[in-house]
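Chemist: Sharing a structure with you now.
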Amino acid sequence: MTLAALGETTLCLNIKAVEVELWLKHLERAAGTRCKIRNVMSVLFNHARRYDLYDRNPIQWVRQRAKTPPCSRSAHRQRG
């Protein structure tokens, strides 16, 4: 899809790191998958900054673990 096809669509200017953290936390995906989603979002914002489409990268402040905490992993092994 090209920018022309989007018409007058603009990026949301009110994206907050805490909101993205909460959204990622509630996704029913593995911690590594959520981390990859965060990284892709960060790359997209960096690209937008490079082309002067956005003035900041709010995703750089999003905290996301790539690994599942040890207690969760041991509980998962016992169930499996």
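The values are calculated or read from the model by the stated rules, or taken from the named source; none is laboratory data. Every value quoted in this text rests on a predicted model; they were computed, and no experiment measured them. Cβ atoms come from the backbone with ideal geometry, glycine included; neighbour counts cover every protein chain shown.
Chemist: Could you check how many residues of the range 36-75 are modelled with pLDDT of 90 or more and over 24 Å from Asn14 (Cβ atoms)?
Modeler: 1
Chemist: Can you run down the residue pairs with Cβ atoms below 6 Å, 6 or more apart or on separate chains, where the first is in the range 45-57 and more than 16 Å from Lys16 (Cα to Cα) and the partner is modelled with pLDDT under 90?
Modeler: What qualifies is Ala48/Tyr54.
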